[in-house]
Amino acid sequence: MTERATADKHTDTNAGTTRRRFVTFLIAAPTLTVAGRWLGEGTARAQIANVSTPEVDLAAALQPEVDAVSPLMRLRVTEDNRVVFEAPRAEVGQGISTAVAMLIAEDIDARLVDVDMPHSNARPELGAAQLTGASTTMRNMWGPARRLAADARARLVTAAAERWGLNADSLTTRDTHVFAPDGRSTSYGSLAVDASKVAVPAVSPLPKPVSEHTLVGTPTPRIDGKELITGRATYTLDVDVPGALPTVVARPPTIGGTVTAIDNAAQVRAMPGVVAVVEIPTGVAVVATTFHHAQQARAALSVSWGPGPIADLSDADIRGRLQNATDPLLAPSLLQSTVDGEFDFAFVNHGPVETNCAIADVRADSAEVWVASKIPPIAQTVVATGIGLPQNAVTVHPIRGGGSFGRKLYPDAALEAARISQRIGDPVKLLWTRDDDVKHGRMRPASHHKMRFLLTGDIVDSFENRSAAVQLDMDVTPFSVVIDTSIELPTSGASFYHATQATPYKFGTTTKTLNEVQLDVPTAFWRSVYSGHNRAAEEIMVDRLASRLRKDPMRFRIDMASNADAVEVLRQLKSRGNWGRSLPSGWAQGVGFHTEYNAHIGCLAEIDATNPDAPRVMRTVIVVDMGLVVNPAGAEAQFQGSVIDGIATILLAGNHITNGAVVESSYADFTWAKQASSPLEFEAHFLNTGRETGGAGELAVPAAAAAVANAYARATGTFPSQFPINF
């Protein structure tokens, strides 16, 4: 192996390499293969387990540092002229395969269609580099992907110069080819073998400056778009694993219920197509030759179930526990007045189109698992522990996911499939039905919030946010894969809350607390963790405060914003959204603002609440400052999805708990916002005030949720406090 460090000396403000060097090096291989790793420079890392000041950059804290000899991300150039990047981040519909491919194509000077993005199998040495979450992908990939591509290009150019006997500086590159001044050209593929022997490139291996980009920053269709719209895209259940048997699981009527007895196992085993009926910790698995036979047999099962751990609790009981767990607010002095609010948010299922599913083939001394996983090393560890094998005996193949929103951080289906395969001695193809996913899937924790502004006259002295939430399941978390154990990362929901929940206004002394209520309910990270409800509630309070002070809510936010970039986003939103325009009776505008993921966003929503029981968001406008946007088309799609999430969680979608069971069972009653609930008009405007690249996937949910809630309040003359409003 030949190693060569590339110092980060260029002035690109979006490099994302603060306090670290990304080292690229050549790996001995038949064709050109370049790898890279981060090297620390002895500087202090973020300590964010018990921070008192929010707005910690989780992307920076999760940037991996690994053993000095461990190759991390790998880029190959093959003899058939393909540029292959083994993607450490998971494609679950958010379009990162296209955006990262654009970074690579830009700096290697390849056609985008020549770049392949296969998922990398679970590699524990990758640590946090193999985490897809916290809106970190583009921020963490910006430097490494470009460095690898630029290094590979430099070696290809050097190989061409040596072949032609020319000065390397005289050569140019484009369209996955190297060109000589006399018009000769040769493909990267034809140079791949020679380039693999280039120890020291003859031209700069550094990425090009942003000013020279021709692809990055340009709206670009998804590289997998044709596969998606023609149905040729491969998801987990499409993977052809020889002999994998269709499998479903009969699950208890209550959350966490247990099997007391299988009353008719023999009769069900004798049904046509049934291969096995086996008990597992989460229910009774039925294995058959087809999914039709498996589901018929599951319906025929008679199982005696033991009650789950919250079988005596319903929504009102849980809400009462949350209210009792919320810290009291400070009392005002004799000279102070208050603006108060209390808010309740229901549990919310993730609801991705692709339900939980996995394929597993467990042998005596090894196992293979195919699953849409956003942290493959965690899936590998959980499966290995669950079936009693060493971690290195388990291979996890990450597959494209049909949506996640946080759900596919958790390897529940992978573990179930592995246990079933181990029990029957054959590979299985496990499907969670929609009913399974809604009733037994993980949920955003229910929460209660008490908030208070203390004012002396018209001056805001302080803001308090006292919250309680059902505990967030942190046992399987992104942070357990971080290699550098000197980094203190959140180990509980409360510490994650304090690390991320900033209020972007000048409200005097700001105090926030979160108490977690321990309930044995399957919770999970959910798009825009904590911010989706906590910051939405705060933005509703900003409208209440503006009303008390007789201020326009948009103007009030501009006046109170804590920095100039936030002010500019709000000013642009006011102008581009035509704030204050005349609307029909029963209609209104609302605004929400949010800062997180090294970005600012403002959202304006217009709602038709002529019928308050059936409100419809008619128009949304967002203005975003997230630095350089790699693929504006992909980012806009992400923001559209986030706006829909905000609409759904405010107006429509939540999970009811009755006697320890989730009431909803499908999209029919888990009423996620559908096309009929989507805004008729959507506009996205991107600013760039020079900040480093920010995250897009989760940023808009709090702003959109708040804008919808505030628009509804203004249209109806009410102050809603329970969400979703139709709950």
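The values are calculated or read from the model by the stated rules, or taken from the named source; none is laboratory data. Keep in mind it's a predicted model, so treat the numbers as computed, not measured. Cβ atoms come from the backbone with ideal geometry, glycine included; neighbour counts cover every protein chain shown.
Scanning the range 603-644 for residues that are among the polar types (S, T, N, Q) and part of a loop (DSSP other than H, G, I, E, B), we see that the one that is farthest from Arg581 (Cα to Cα) is Asn631.
Would you check if Ser404 is in a strand (DSSP E or B) and either over 20 Å from Pro124 (Cβ atoms) or modelled with pLDDT under 95 (or both)? Quick ask: steps written out before the conclusion?
Details: in a strand (DSSP E or B): no; either over 20 Å from Pro124 (Cβ atoms) or modelled with pLDDT under 95 (or both): yes.
No, not satisfied.
Checking the condition crowded, with 20+ Cβ neighbours inside 10 Å and outside the structural domain of Pro144 (by TED's automatic domain parsing), which residue from Ala266, Ala244 passes? It is Ala244.
Considering only the range 306-322, I want to know if a residue exists there that is surrounded by fewer than 17 Cβ atoms within 10 Å (Cβ to Cβ) and assigned to a strand (DSSP E or B). Yes, there is a match, as at least one residue in the range 306-322 is surrounded by fewer than 17 Cβ atoms within 10 Å (Cβ to Cβ) and assigned to a strand (DSSP E or B).
So, Ala711, is that one more than 22 Å from Ala599 (Cα to Cα) and either crowded, with 24+ Cβ neighbours inside 10 Å or in contact with a Ser or Thr (Cβ under 9 Å, 6 or more places away or on another chain) (or both) or not? Explain how you work it out, then say what you get.
Working: more than 22 Å from Ala599 (Cα to Cα): yes; either crowded, with 24+ Cβ neighbours inside 10 Å or in contact with a Ser or Thr (Cβ under 9 Å, 6 or more places away or on another chain) (or both): yes.
Yes.
Among the residues making up the range 553-600, a single one is surrounded by 23 or more Cβ atoms within 10 Å (Cβ to Cβ), among the aromatic types (Phe, Trp, Tyr) and at pLDDT 95 or above: Phe593. Consider Ala159 carefully, then state whether it is surrounded by 24 or more Cβ atoms within 10 Å (Cβ to Cβ) and either part of a loop (DSSP other than H, G, I, E, B) or in contact with a Phe, Trp or Tyr (Cβ under 9 Å, 6 or more places away or on another chain) (or both). No. Taken together, Thr326, Thr338 contain a single residue that is hydroxyl-bearing (Ser, Thr, Tyr), under 30 Å from Ser547 (Cβ atoms), touching a Ser or Thr at 6+ places or on another chain (Cβ under 7 Å) and not assigned by TED's automatic domain parsing to the domain that holds Ala468, which is Thr326.
Test Thr503 against the stated conditions and say whether it is surrounded by fewer than 24 Cβ atoms within 10 Å (Cβ to Cβ), modelled with pLDDT under 95 and in contact with an Asp or Glu (Cβ under 8 Å, 6 or more places away or on another chain). Give the steps one after another, and end with the answer.
Values: surrounded by fewer than 24 Cβ atoms within 10 Å (Cβ to Cβ): yes; modelled with pLDDT under 95: yes; in contact with an Asp or Glu (Cβ under 8 Å, 6 or more places away or on another chain): yes.
In short, yes.
Filter the range 357-393 down to residues that are at pLDDT below 95 and not in a helix (DSSP H, G or I) and give me whichever is nearest to the chain's Cα centre (by Cα). Out of the qualifying residues, it is Lys374. Listed by position, the strands (runs of 3 or more DSSP E) contained in the range 409-476 that have at least 2 residues being among the hydrophobic types (A, V, I, L, M, F, W, C) and closer than 26 Å to Thr395 by Cβ are 428-431. What are the pairs with Cβ atoms under 8 angstrom where one residue, in the range 143-169, is under 17 Å from Asp114 (Cβ atoms) and the other, located anywhere, is aromatic (Phe, Trp, Tyr) and not in a helix (DSSP H, G or I)? Sequence gap at least six, or different chains. Here the result reads Ala145/Phe85; Leu148/Phe85, each pair linking the range 143-169 to a residue that is aromatic (Phe, Trp, Tyr) and not in a helix (DSSP H, G or I).
If the condition is being in contact with a helix residue (DSSP H, G or I) (Cβ under 8 Å, 6 or more places away or on another chain), of a type in the set (Gly, Ala, Ser) and within 22 Å of Met541 (Cβ to Cβ), then the range 564-621 contributes Gly580, Ala588, Gly590, Gly592, Gly602, Ala605, Ala609.
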